[in-house]
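Read the structure below first, then the notes.
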Amino acid sequence: MHKAMISFALDDDQRLLQDTVRRFCREVLREQMRRHEQQGGLLPEVEQAFAELGLIDLELDEGLPHRTAALVHEELAWGDPGAAVALWTPHLCAGALRELGTPEQQARLLARLRRGPDQRYGRGAVAYAEGGPGQGATVAVPTRGGYVLSGTKRFVLHAPQAELTIVFAQLDGGCQGMGAFAIAGRPAADPQGSFRLGQRHELLGLRAAPAGELVLQEHLVPEEDRLRGGDDFCAAARRVFARAQLLTAARQVGLARAAYELALSYTQDRRAFGKPVAHFQAVAFALAEVHMEVESARWLLWQAAAEADAGRLDLALCAGAAAHACEAAFCAADWCVQLLGGAGFMEDFPAEKWLREAKALALVGGTPQLYEQIVAAQVLGQDPEGNPEGAGLPSPRLQPFLT
Amino acid sequence: MIDFSLSPQQQIVREVAHQIAQTVLRPGSLQWDQQHRIPDEVLLQLSMLRGGFTQGEVPEEVGGEGEGVGAVPDRRHRSQANRIAVLGAEELAWGDASVLLSLPGPGLGGPPVRSMGTPEQRRRFFSVFQQPGLHYGAYALTEPGAGSDVAGIQTRCRKQGRYYLLSGRKCYITNGARADWVVVFATVDPALGRAGHRAFVVERGTPGFSVGKIERKMGLRASETAELIFEEARVPEENLLGGEEYYRGKEGFVGAMQTFDSTRPMVAAVGLGIARAAWEAARDFVRDHYLLSRPLPRYAQLAAQLAQDRRLLDAARLLCWRAAWMADEGLPNSKEASMAKAYAARVALRICAHAVDILGAHGLQTSQLVEKWYRDIKVFDIFEGTGQIQRIVISRRILREPPSF
Ligand SMILES: Cc1cc2nc3c(=O)[nH]c(=O)nc-3n(C[C@H](O)[C@H](O)[C@H](O)COP(=O)(O)OP(=O)(O)OC[C@H]3O[C@@H](n4cnc5c(N)ncnc54)[C@H](O)[C@@H]3O)c2cc1C
């Protein structure tokens, strides 16, 4: 038995995995960074190489332990935040199915995310954010044998290639009237389809991972594909989003570390007024500041992950870790651009990309404002918006983008 | 294994320390602050608890419980002392930080005696804490002309027969007046810089050694801060820490600095204890009050600020734990110790200011603890190395070649 004890030590398996992923990131993701961004997707051989690591199978079979996931996603985002998102084909779906689905649904629907005959894994998408201003919420109307879904979902990551989409829609009553539905199969490209692709989004960052609108036009979802979340849908949905926050936190920590490392090395090589610019106190102190942000963000993530692994998933810790990591990443990326000077603004260096992507990651699956609300709801014992049921869930008024 | 749960021993320390903080320290806190002192009975009562949460301060060879803060653990027998120290410090400071700084014992003087002293010196200087009554050690580095720039100390030491004669002044020394002995840093020749530094244990009653002024301060008022005066003070040669041998090279200075690797995380944890107290007061206030018939939590900006502060507090605590864990594992941790101290001070200052903001007029009343915490917290960005000095330590360690500032 493992003895309880405050410890920051990786075990041997974790270290080995970290090394492996790190090598893949250095040799593959970093090399192809701009290419992936420009073509808006991954090279097949890169997807293939990542598949060989077996991490996606682990996620589908039993779910990566939270600490392992924290280490892996930090590394991947260190390599390239956009590719990190694109490579993770299950997205939030495996975890969401485990929380929201019955064992039968899990077995049936997870199969959609497994490796197909073409050797590629099925992609998962989660559609939460609603259509543009003036458009109402997506609704689910009960009908014989199922539900009829209508509405437009925006900012859906992986939407164009999704083999499985989990759609949140408004039903009556219950947790803000919300329900979740699984839709298997790709959205149609054909403009007449009842479940089809809308506009594809041109993104500020994370361009390697395509995102788009999904349009539901009286689309029938059979009863067996409604994800009821056991006895307490609300609580289960909260846990799904809490895990999404851990994922975001890990990616932001990786991005932040990448930006910090570049700033650290560049400022030691670049000279001005007869010495390395890092040797000016104003620059050195900024580096120290960024280093503290990056490290503290990682420890918050680890703490939230360790608690989750121990069966104590804590909403406030998860949201706090995500909020902190978003701040750290933005701080690190912003300083990185700044400390590289003009070079920071050029595409020759990844600094500008990281700055864009730190922003984009702060909009994936939630926003720092939402995270603060979740923490506030936990520490004050009530939702700041005054909605007792909504505490800890993205409310329709405060939506997570890019889910 | 990455883990943040507490071992049974860590758990007990935290609980006992919290109990004391709640039942003994909190109730007396405001009064002691106003009186600029803590009653001896209280301190005596607390000194009985040594061996509990301050466990390990006194080394085994003199009947103590073994390894303490500043001990160098061997690689096989890993220590928990530093983790226990930060856990206990946070809880006690939550009760009252001045009391924590005034707890009988070797205090900041302990780590240098432990890490630099010979076995004979350790026995001699620590045994006093086994005797009944209130006994203190202290640590005197700062001088009127040298604070951050430690290498610039001017207090001179000169050998004469079997004695060293010390001349100079030390200032802002915690527990300096009541200490049984003080670790004093002096130089054989300021021109030698660090290589000229020596550390002495100067005992109370040493001829030529006297106490000057006792400072009045913005905060931590119940903690004693004294000026020490050395006029050809006659210090026996046996009191040179580590003996002559120790000072080949620039060990003297390194000794003074090494102390910080274990004390900085602890000082950071003390600041966090105060900040947590202030944060809790702010949270309770928000939870329980109304403004214009609307419950305060409905004011989104207030709620968001509480959430942010709580997360920063957690982040700072983890930096402390990290530095303490490294010390326990015998890993070099100067950078991490400075990160813990710098970050905790920044966060704690912010949280205490927010608590005063949130409580509004309530927060400014001297009958309120938040007003006291706001005064107490400022010094955490000053002593044990200012925020700027911590950032110097951090940046020197992250850069390939250390810069010259
Ligand atoms: C309550 C209290 C208790 C204390 N207890 C003790 C004790 O027990 N023992 C002891 O030895 N000392 C003690 N001190 C002293 C404390 O450690 C010093 O005050 C502290 O180290 C700062 O030194 P200074 O006050 O001389 O400031 P200075 O060194 O004069 O610094 C002034 C300002 O300049 C900045 N600065 C200095 N150098 C640099 C640089 N290179 N780059 C950028 N900025 C710089 C500093 O950060 C600071 O903001 C105590 C102080 C207080 C307030």
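Every number in this text was worked out from the coordinates using simple rules, so none of it is lab data. These numbers come from a predicted model, not from an experiment. Glycine gets a Cβ as well: all are built from the backbone with ideal geometry, and neighbour counts include every protein chain shown.
Based on the Cβ-Cβ distance of B:H362 and B:Q35, what FRET efficiency does E = 1/(1 + (r/R0)^6) give at R0 = 25 Å, to the nearest 0.05?
Taking R0 as 25 Å, the efficiency between B:H362 and B:Q35 is 0.60.
Grab the Cα-Cα distance for A:A188 and A:A9, subtract it from 0.36 nm times how many residues apart they are, and report the gain in nm with one decimal.
59.6 nm
List every residue whose amide H lies under 5 Å from the amide H of B:L220, counting only residues 5 or more places away in sequence or on a different chain, with H placed 1.01 Å from N in the peptide plane.
Sorted by chain and number, the residues that satisfy this are B:D376.
Are there GluC sites (Glu not before Pro) in the range B:310-405 that DSSP marks as loop and that have at most 10 other Cβ atoms within 10 Å, and which are they?
none
Test of understanding: what is the full-extension gain from A:K275 to A:D348, defined as 0.36 nm times their sequence separation minus their Cα-Cα distance?
23.9 nm
Between exposed chymotrypsin sites (Phe, Trp or Tyr not before Pro) in chain A, where DSSP calls loop and at most 16 other Cβ atoms lie within 10 Å, what's the longest gap?
Longest stretch, sites excluded: A:1-272.
Roughly what would the spin-label model give for B:R123 and B:R248, points 7 Å off Cα along C-beta, in nm?
Roughly 2.5 nm, to one decimal.
Quick one: among A:P44, A:P160, A:P210, which has the greatest mean-square fluctuation in a GNM of chain A with alpha-carbon springs under 10 angstrom?
Among A:P44, A:P160, A:P210, the largest GNM mean-square fluctuation belongs to A:P44.
May I ask for the net charge around A:V141, where only other residues with Cβ less than 10 Å from the Cβ of A:V141 are counted and Lys, Arg are +1 while Asp, Glu are -1?
Combined, the nearby Lys, Arg, Asp and Glu give -2.
What spacing in nm lies between the two simple spin-label points modelled at B:R234 and B:I214, each 7 Å away from Cα in the Cβ direction?
It is 2.9 nm.
Residues of the range B:218-245 with amide nitrogen under 12 Å from the 7 Å Cα-to-Cβ point of B:S167?
B:230-233
Skipping prolines and chain starts, which residues have an amide H placed within reach, meaning under 5 Å, of the one on B:G176, given they are 5 or more residues away or on another chain?
B:A226
What is the extension gain from B:Q154 to B:Q388, computed as 0.36 nm multiplied by their sequence separation minus the C-alpha to C-alpha distance, in nm to one decimal?
82.0 nm
Can you tell me the orientation of helix B:81-95 relative to chain B, as the angle in degrees between its alpha-carbon axis and the longest Cα principal axis, to the nearest 10?
The helix B:81-95 is inclined about 50 degrees to chain B.
Connecting C-alpha atoms closer than 10 Å in a GNM of chain B, tell me which of B:E245, B:E90, B:E227 has the biggest fluctuation.
Result: B:E245 has the largest fluctuation of those listed.
Could I have the simple spin-label model distance between B:D288 and A:Q48, label points 7 Å from Cα toward Cβ, reported in nm to one decimal?
Spacing of the two 7 Å Cα→Cβ label points: 6.7 nm.
Would you mind checking the range A:126-143 for residues with the amide N under 18 Å from a putative spin-label position 7 Å along Cα→C-beta of B:A300?
Residues A:129-130, A:133-134 qualify, since their backbone N sits under 18 Å from the label point.
Can you tally the net charge around B:L349? Count Lys and Arg as +1, Asp and Glu as -1, for every other residue whose Cβ sits under 13 Å from the Cβ of B:L349.
Every neighbour counted, the sum reads +1.
Mind checking which lysines have their Cα closer than 26 Å to the Cα of A:K275? Skip sequence neighbours fewer than 8 apart in that chain.
B:K335
Among A:L262, A:L380, A:L42, which one moves the most in a GNM of chain A with springs linking Cα atoms closer than 10 Å?
A:L380
Using only the alpha-carbon atoms, how far is helix B:334-359 inclined from the longest principal axis of chain B? Give it as 0 to 90 degrees, nearest 10.
40
Which is the longest run of chain A containing none of the trypsin sites (Lys or Arg not before Pro) found in DSSP loop states (not H, G, I, E, B) with at most 12 other C-beta atoms within 10 Å?
A:145-311
Rounded to the nearest 500, what is the 222 nm mean residue ellipticity of the protein assembly as shown from helices alone, with -39500 (n - 2.57) per DSSP H run of 4+ residues and division by all residues?
One gets -15000 deg cm²/dmol as the mean residue ellipticity at 222 nm.
Given H placed on each backbone N at 1.01 Å, which residues far from A:A129 in sequence or on other chains put an amide H within less than 5 Å of it?
So A:A129 has HN proximity to A:R154, A:T403.
Which loop trypsin sites (Lys or Arg not before Pro) in the range B:109-165, with loop taken from DSSP, have no more than 13 other Cβ atoms within 10 angstrom of their Cβ?
B:R162
Under the definition of Cα pairs under 8 Å and six or more residues apart, what whole-number percent is the relative contact order of chain A?
16
Can you list which of the trypsin sites (Lys or Arg not before Pro) found in the range B:237-323 are DSSP loop residues with at most 14 other C-beta atoms within 10 Å?
B:R248
What is the packing order of peptides B:32-38, A:161-167, taking the mean over residues of other C-beta atoms within 10 Å and listing the highest first?
Ranking the peptides B:32-38, A:161-167 by packing returns A:161-167, B:32-38.
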